[in-house]
Amino acid sequence: MIDILIADDHTLMRDGLQTILNLEEDMRVVGSAGNGEEALALAEKHLPHIVLMDIRMNGMNGIECTKRIKQKLPSTAILILTTFAEDDYIIEALAGGAAGFLLKDMPGDKLIEAIRDAVKGHYMLPSVVAAKLAAKLSSVTAGGRLALDTILHKSEAVVFSDKEKTIALLMLEGKSNREMAELLFMSEGTVKNYVSAIYGKIGTNDRNIAVMTLKGLLEGRSDS
(Lines give C-alpha, C1' and ligand atoms only; values in the text may rest on other atoms or scores of the structure.)
Protein backbone atom coordinates (compact mmCIF):
# COMPACT_ATOMS: atom_id res chain seq x y z
CA MET A 1 0.00 0.00 0.00
CA ILE A 2 1.32 3.44 -0.97
CA ASP A 3 0.64 6.01 1.75
CA ILE A 4 0.20 9.50 0.29
CA LEU A 5 0.14 12.95 1.85
CA ILE A 6 -1.38 15.84 -0.10
CA ALA A 7 -0.30 19.45 0.55
CA ASP A 8 -2.17 22.16 -1.37
CA ASP A 9 -3.82 25.39 -0.27
CA HIS A 10 -6.85 24.84 -2.50
CA THR A 11 -9.49 22.65 -0.85
CA LEU A 12 -10.97 21.60 -4.18
CA MET A 13 -7.57 20.43 -5.41
CA ARG A 14 -6.94 18.42 -2.24
CA ASP A 15 -10.39 16.83 -2.29
CA GLY A 16 -10.14 16.00 -5.98
CA LEU A 17 -6.76 14.33 -5.61
CA GLN A 18 -7.91 12.41 -2.56
CA THR A 19 -10.96 11.08 -4.38
CA ILE A 20 -8.90 9.94 -7.39
CA LEU A 21 -6.13 8.33 -5.35
CA ASN A 22 -8.35 6.50 -2.87
CA LEU A 23 -10.01 4.68 -5.77
CA GLU A 24 -6.75 2.81 -6.38
CA GLU A 25 -6.40 -0.51 -4.55
CA ASP A 26 -2.73 0.07 -3.79
CA MET A 27 -3.02 3.69 -2.63
CA ARG A 28 -4.45 5.57 0.31
CA VAL A 29 -4.33 9.22 1.32
CA VAL A 30 -3.20 9.36 4.94
CA GLY A 31 -3.29 13.14 5.32
CA SER A 32 -4.31 16.39 3.67
CA ALA A 33 -2.67 19.72 4.48
CA GLY A 34 -3.47 23.29 3.47
CA ASN A 35 -0.03 24.75 4.20
CA GLY A 36 3.58 23.79 4.78
CA GLU A 37 3.38 23.71 8.57
CA GLU A 38 0.49 21.26 8.49
CA ALA A 39 2.23 19.15 5.84
CA LEU A 40 5.41 18.87 7.91
CA ALA A 41 3.47 17.85 11.02
CA LEU A 42 1.38 15.28 9.14
CA ALA A 43 4.46 13.86 7.42
CA GLU A 44 6.16 13.27 10.77
CA LYS A 45 2.96 11.70 12.12
CA HIS A 46 2.03 9.40 9.23
CA LEU A 47 5.45 8.73 7.61
CA PRO A 48 4.03 8.66 4.06
CA HIS A 49 5.78 7.00 1.16
CA ILE A 50 5.15 10.06 -0.99
CA VAL A 51 4.03 13.68 -0.65
CA LEU A 52 2.26 15.64 -3.39
CA MET A 53 3.47 19.16 -2.64
CA ASP A 54 2.07 22.44 -3.91
CA ILE A 55 4.62 25.25 -4.25
CA ARG A 56 2.71 28.37 -3.32
CA MET A 57 1.08 28.09 0.10
CA ASN A 58 0.60 30.58 2.91
CA GLY A 59 3.24 30.50 5.61
CA MET A 60 5.85 27.84 4.85
CA ASN A 61 5.88 27.32 1.08
CA GLY A 62 6.30 24.00 -0.68
CA ILE A 63 10.00 24.41 -1.36
CA GLU A 64 10.89 25.01 2.27
CA CYS A 65 8.54 22.24 3.38
CA THR A 66 10.18 19.84 0.93
CA LYS A 67 13.60 20.58 2.39
CA ARG A 68 12.41 20.03 5.95
CA ILE A 69 10.57 16.81 5.21
CA LYS A 70 13.58 15.38 3.36
CA GLN A 71 15.81 16.28 6.31
CA LYS A 72 13.55 14.38 8.72
CA LEU A 73 12.27 11.66 6.36
CA PRO A 74 14.90 11.11 3.65
CA SER A 75 13.15 8.02 2.26
CA THR A 76 9.89 9.88 1.59
CA ALA A 77 9.51 10.87 -2.06
CA ILE A 78 8.16 14.33 -2.80
CA LEU A 79 6.54 15.31 -6.08
CA ILE A 80 5.98 19.00 -6.68
CA LEU A 81 2.56 20.04 -7.98
CA THR A 82 3.30 22.78 -10.47
CA THR A 83 1.89 25.00 -13.20
CA PHE A 84 3.67 26.42 -16.24
CA ALA A 85 4.11 29.75 -14.45
CA GLU A 86 6.23 28.32 -11.64
CA ASP A 87 9.41 27.37 -13.51
CA ASP A 88 11.51 29.72 -11.37
CA TYR A 89 11.26 27.12 -8.61
CA ILE A 90 12.53 24.12 -10.61
CA ILE A 91 16.18 24.11 -9.57
CA GLU A 92 15.42 25.14 -5.99
CA ALA A 93 12.93 22.27 -5.65
CA LEU A 94 15.42 19.74 -7.00
CA ALA A 95 18.16 21.02 -4.74
CA GLY A 96 15.73 20.60 -1.83
CA GLY A 97 15.29 16.92 -2.58
CA ALA A 98 12.16 16.77 -4.76
CA ALA A 99 11.82 13.62 -6.86
CA GLY A 100 10.15 15.45 -9.71
CA PHE A 101 7.15 17.42 -10.84
CA LEU A 102 3.50 16.84 -11.64
CA LEU A 103 1.56 19.29 -13.79
CA LYS A 104 -1.72 20.22 -12.13
CA ASP A 105 -3.65 19.65 -15.33
CA MET A 106 -2.28 16.18 -16.07
CA PRO A 107 -4.75 13.29 -16.66
CA GLY A 108 -5.65 11.12 -13.68
CA ASP A 109 -4.14 7.95 -15.15
CA LYS A 110 -0.82 9.71 -15.71
CA LEU A 111 -0.90 10.96 -12.13
CA ILE A 112 -1.37 7.43 -10.81
CA GLU A 113 1.45 6.12 -12.98
CA ALA A 114 3.77 8.93 -11.89
CA ILE A 115 3.16 8.23 -8.21
CA ARG A 116 3.92 4.53 -8.61
CA ASP A 117 7.10 5.32 -10.53
CA ALA A 118 8.26 7.89 -7.98
CA VAL A 119 7.83 5.42 -5.12
CA LYS A 120 10.07 3.02 -7.06
CA GLY A 121 12.79 5.67 -7.09
CA HIS A 122 12.24 7.10 -10.56
CA TYR A 123 12.39 10.82 -11.26
CA MET A 124 9.33 12.52 -12.75
CA LEU A 125 9.95 15.26 -15.28
CA PRO A 126 7.27 16.39 -17.77
CA SER A 127 8.85 17.46 -21.05
CA VAL A 128 7.83 21.09 -20.59
CA VAL A 129 9.59 21.15 -17.21
CA ALA A 130 12.67 19.44 -18.69
CA ALA A 131 12.90 22.20 -21.29
CA LYS A 132 12.60 24.92 -18.66
CA LEU A 133 15.21 23.22 -16.49
CA ALA A 134 17.62 23.15 -19.40
CA ALA A 135 16.87 26.80 -20.07
CA LYS A 136 17.76 27.64 -16.48
CA LEU A 137 21.02 25.73 -16.79
CA SER A 138 21.78 27.40 -20.10
CA SER A 139 21.89 30.79 -18.46
CA VAL A 140 24.66 29.57 -16.17
CA THR A 141 26.83 27.02 -17.96
CA ALA A 142 27.92 25.93 -21.40
CA GLY A 143 26.81 22.41 -20.54
CA GLY A 144 23.35 23.74 -19.85
CA ARG A 145 23.28 25.37 -23.28
CA LEU A 146 24.08 22.00 -24.84
CA ALA A 147 21.26 20.38 -22.88
CA LEU A 148 18.84 23.10 -23.95
CA ASP A 149 19.78 22.63 -27.59
CA THR A 150 19.27 18.88 -27.41
CA ILE A 151 15.95 18.96 -25.59
CA LEU A 152 14.34 21.73 -27.60
CA HIS A 153 15.84 21.13 -31.03
CA LYS A 154 16.49 17.37 -30.96
CA SER A 155 20.13 17.89 -31.92
CA GLU A 156 23.10 15.72 -30.97
CA ALA A 157 24.92 18.50 -29.13
CA VAL A 158 25.73 16.38 -26.08
CA VAL A 159 27.55 13.17 -27.04
CA PHE A 160 27.97 10.31 -24.56
CA SER A 161 30.15 7.24 -24.98
CA ASP A 162 28.44 3.83 -24.87
CA LYS A 163 29.57 3.33 -21.28
CA GLU A 164 28.37 6.80 -20.28
CA LYS A 165 24.98 6.02 -21.81
CA THR A 166 24.81 2.85 -19.74
CA ILE A 167 25.70 4.76 -16.58
CA ALA A 168 23.16 7.48 -17.44
CA LEU A 169 20.35 4.93 -17.83
CA LEU A 170 21.20 3.39 -14.47
CA MET A 171 21.22 6.85 -12.89
CA LEU A 172 17.70 7.36 -14.24
CA GLU A 173 16.69 4.15 -12.46
CA GLY A 174 17.89 5.68 -9.20
CA LYS A 175 20.91 3.41 -8.81
CA SER A 176 23.69 4.50 -6.47
CA ASN A 177 27.35 4.47 -7.55
CA ARG A 178 27.89 1.29 -5.53
CA GLU A 179 24.88 -0.43 -7.11
CA MET A 180 26.06 0.54 -10.59
CA ALA A 181 29.54 -0.77 -9.83
CA GLU A 182 28.12 -4.15 -8.80
CA LEU A 183 25.86 -4.40 -11.86
CA LEU A 184 28.62 -3.43 -14.30
CA PHE A 185 31.45 -5.34 -12.58
CA MET A 186 33.46 -2.14 -12.14
CA SER A 187 35.12 -0.50 -9.18
CA GLU A 188 33.10 2.21 -7.50
CA GLY A 189 35.90 4.65 -8.32
CA THR A 190 35.56 3.91 -12.05
CA VAL A 191 31.82 4.51 -11.88
CA LYS A 192 32.43 7.82 -10.12
CA ASN A 193 34.74 8.85 -12.94
CA TYR A 194 32.05 8.13 -15.52
CA VAL A 195 29.47 10.01 -13.47
CA SER A 196 31.82 12.98 -13.21
CA ALA A 197 32.29 12.92 -16.98
CA ILE A 198 28.51 12.99 -17.46
CA TYR A 199 28.21 15.88 -15.00
CA GLY A 200 30.81 17.80 -16.97
CA LYS A 201 28.97 17.34 -20.25
CA ILE A 202 25.60 18.56 -18.97
CA GLY A 203 26.98 21.31 -16.74
CA THR A 204 26.06 20.41 -13.17
CA ASN A 205 27.49 18.68 -10.09
CA ASP A 206 24.05 18.16 -8.52
CA ARG A 207 22.79 14.58 -8.95
CA ASN A 208 19.10 15.50 -8.89
CA ILE A 209 19.55 18.14 -11.57
CA ALA A 210 21.76 15.77 -13.56
CA VAL A 211 19.11 13.05 -13.53
CA MET A 212 16.38 15.48 -14.56
CA THR A 213 18.52 16.80 -17.42
CA LEU A 214 19.41 13.28 -18.57
CA LYS A 215 15.74 12.35 -18.62
CA GLY A 216 15.03 15.33 -20.85
CA LEU A 217 17.97 14.53 -23.11
CA LEU A 218 16.99 10.91 -23.58
CA GLU A 219 13.30 11.74 -24.13
CA GLY A 220 14.27 14.33 -26.71
CA ARG A 221 16.40 11.87 -28.64
CA SER A 222 13.79 9.11 -28.55
CA ASP A 223 11.30 11.47 -30.21
CA SER A 224 13.67 12.60 -32.95
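The values are calculated or read from the model by the stated rules, or taken from the named source; none is laboratory data. Not measured: the values here are computed from a predicted model. So basically every Cβ, Gly included, is an ideal-geometry build from the backbone, and we count neighbours across all protein chains shown.
Ser155 meets all of the listed conditions (1) modelled with pLDDT of 50 or more; (2) assigned to a loop (DSSP other than H, G, I, E, B) but one, namely (1).
Of the strands (runs of 3 or more DSSP E) lying entirely inside segment 1-66, those containing at least 1 residues that are closer than 13 Å to Leu81 by Cβ, within 19 Å of the chain's Cα centre (by Cα) and acidic (Asp, Glu) span 50-54.
Restricting attention to segment 172-202, and to residues there that are closer than 14 Å to Phe160 by Cβ and either modelled with pLDDT under 85 or in contact with a strand residue (DSSP E or B) (Cβ under 6 Å, 6 or more places away or on another chain) (or both), which single residue is surrounded by the fewest Cβ atoms within 10 Å (Cβ to Cβ)? Among residues in segment 172-202 that are closer than 14 Å to Phe160 by Cβ and either modelled with pLDDT under 85 or in contact with a strand residue (DSSP E or B) (Cβ under 6 Å, 6 or more places away or on another chain) (or both), the one surrounded by the fewest Cβ atoms within 10 Å (Cβ to Cβ) is Gly200.
When we screen Asp26, Asp15, Asp9 for residues that are touching an Asp or Glu at 6+ places or on another chain (Cβ under 8 Å) and at pLDDT below 95, the only hit is Asp9.
When we screen Thr141, Thr66, Thr150 for residues that are surrounded by 22 or more Cβ atoms within 10 Å (Cβ to Cβ), at pLDDT below 70 and at negative phi, the only hit is Thr150. Of a type in the set (D, E, K, R), modelled with pLDDT under 90 and not assigned by TED's automatic domain parsing to the domain that holds Asn205, is that true of Asp87? In short, yes.
Met212 meets all of the listed conditions (1) outside the structural domain of Met27 (by TED's automatic domain parsing); (2) touching a strand residue (DSSP E or B) at 6+ places or on another chain (Cβ under 8 Å); (3) modelled with pLDDT of 75 or more but one, namely (3).
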